[in-house]
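Here's the structure, in structure tokens; my notes come after.
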Amino acid sequence: MMEQGGPPSESTLITWEKQYSPSAWSVRFPTPAEVIDFHVKFVKSESDKNREQLETLLDVPYGSGDRDKVDIYGENLPPDAPLFVYVHGGYWQMLEKETSAYPAKPLVDRGMRVMIVGYELCPEVTLEELVRQMKAAGEFVLNYATENGVRHISIAGHSAGAHLIASMLDRPFMDAVGEELALLKDVYLISGVYNVQELRYTKSVNKDNLLGINDANAKALSPLYASYEHLRPIVEQQQGGALRFHVYVAEHDSDVFREMAVKMSELLRSYGMRCDLSVLPGLDHFDIVEKLASADYTITAAILAGVAAAGEKS
């Protein structure tokens, strides 16, 4: 994995293009295009169904942008119900909250309110600006929880969403939210992008530098180079409770995605974080989250168990 330097050779770039193209690694369909097509149709169908079946509060703004809004599922639950927050992927340039509500029903059915976060997309904004937006979303979530008496927040992000969560949890964010950060108990990072230095050069992800990555910000935008030392007191003060990190990656993710997951879990543990790493067999970059629509799925069960372990009654 590259740390620094100029543009890669042509042969290296060919390798990186495939490594950062998750659909090329799935074994479910004959072509990458079919993987994407199935995923888009599946998440839309499940999300549409959940909007029809569940009590919702839609398009609640946390910022000034058209997409800076959240959708809330399970509005019929008690105000202080445990809260699950989901941040979608799409390489910071695709997808939206409206098609990312597929994890909602199994959790709402078990007493968790679910909040799906929308955000602006590149190239309308830069990746640097997206990280700032995610911090605004994080402040909104913590304020919402405080106002409603919520004592347990779980947050999950997929792919680019995992990157945004890992980037959000920096020292300035902690300073901004203060004691409210202690409400965040479990962080689920699913098939995340934790180093943007190589994909900066890939045309499949960053054509014409639509993400706005440069020599000055490439490392700063890569969670694998971040410090999480500021979170250590939160873990120590809670004496065996949260904060807990859970890093997931699929067996059929690319080599570089699996490597990033290992390195991210090692980094978090190096700062004293409680962090487990799971490689989920038989899954790829897309069905690792598609299965969140199922009540008996590994990650869904872990989310519910995390609430139970904290003494919450669902």
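The values are calculated or read from the model by the stated rules, or taken from the named source; none is laboratory data. All figures in this text were calculated on a predicted structure; none of them were measured in a lab. Note that each Cβ is placed from the backbone with ideal geometry, even for glycine, and that neighbours are counted across all protein chains shown. Note: accessible area is taken over every heavy atom of the protein model, side chains too, but ligands, DNA and RNA are not part of it. Shrake-Rupley method; radii C 1.70, N 1.55, O 1.52, S 1.80 Å.
If I go through segment 161-204 residue by residue, how many of them are open to solvent by less than 10 Å² (accessible area, probe 1.4 Å), in contact with a His (Cβ under 8 Å, 6 or more places away or on another chain) and not charged (D, E, K, R)?
Total satisfying the criteria: 10.
Name every residue in segment 138-152 that is touching a helix residue (DSSP H, G or I) at 6+ places or on another chain (Cβ under 8 Å) and either open to solvent by 10 Å² or more (accessible area, probe 1.4 Å) or closer than 14 Å to Val117 by Cα (or both), in order of residue number.
Scanning segment 138-152 gives Gly138, Glu139, Leu142, Asn143, Thr146, Arg151.
For segment 153-166, how many residues are out of contact with any Leu (no Cβ under 7 Å at 6 or more places or on another chain) and either closer than 18 Å to Gly63 by Cα or modelled with pLDDT under 95 (or both)?
Summing the residues that are out of contact with any Leu (no Cβ under 7 Å at 6 or more places or on another chain) and either closer than 18 Å to Gly63 by Cα or modelled with pLDDT under 95 (or both) in segment 153-166 gives 1.
Going by what's in this entry, would Asp296 be described as open to solvent by 50 Å² or more (accessible area, probe 1.4 Å) and in a strand (DSSP E or B)?
Working: open to solvent by 50 Å² or more (accessible area, probe 1.4 Å): yes; in a strand (DSSP E or B): no.
No.
Counting only residues that are open to solvent by less than 60 Å² (accessible area, probe 1.4 Å) and either without any contact (Cβ under 8 Å) to a residue 24 or more places away in the chain or at positive phi (or both), how many does segment 56-88 have?
The qualifying residues number 3.
Those residues that are closer than 12 Å to Tyr228 by Cα, part of a helix (DSSP H, G or I) and open to solvent by less than 50 Å² (accessible area, probe 1.4 Å), I need them from segment 266-287; list them, please.
Leu267, Leu268
Among the residues of segment 105-114, which ones are in contact with a Leu (Cβ under 6 Å, 6 or more places away or on another chain) and open to solvent by less than 30 Å² (accessible area, probe 1.4 Å)? Walk me through it before giving the result.
The initial filter retains those residues of segment 105-114 that are in contact with a Leu (Cβ under 6 Å, 6 or more places away or on another chain), namely 108, 110, 113-114.
Selection gives Val108, Arg113, Val114.
I'd like the residue in segment 32-55 that is among the polar types (S, T, N, Q) and open to solvent by less than 60 Å² (accessible area, probe 1.4 Å) and, out of all such residues, is farthest from the chain's Cα centre (by Cα).
Asn50
Which condition number in (1) under 29 Å from Trp25 (Cβ atoms); (2) open to solvent by 50 Å² or more (accessible area, probe 1.4 Å); (3) at pLDDT 95 or above is the one that Asn214 fails?
(3)
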